[in-house]
Amino acid sequence: MSLRNMNIAPRALLGFALIGLLMLGLGIFSLVQMGNIRQAGVAIEQVSVPSIKILDEIPRSTCACAPSPTAC
């Protein structure tokens, strides 16, 4: 059956149903992507940030052992 042969009500229903399905698919895709972003954020928080804090302490500890304060 061609869309041109259908009355306006079934065509409108079909169009809105298609838009609804597209929005549902986009919503599911967005939720999956937000989950991936959250996992990446947790990985950065647990791996990168502690190592940056440790690296921040290295120059301070090496300056404490320096023979003169101007060496830092």
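The values are calculated or read from the model by the stated rules, or taken from the named source; none is laboratory data. What you are looking at is a predicted structure, and each value in this text was computed from that prediction instead of being measured. Cβ sites come from the backbone with ideal geometry, for glycine too, and all protein chains shown count toward neighbours.
Structure data summary
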| read-out | value |
| --- | --- |
| Residue match in the stretch 33-54 (condition: in a helix (DSSP H, G or I) and at pLDDT below 65) | no |
| Scope the stretch 1-18; condition assigned to a helix (DSSP H, G or I) and either exposed (fewer than 10 other Cβ atoms within 10 Å of the Cβ) or among the basic types (K, R) (or both); matching residues | L3, R4, N5, I8, A9, R11 |
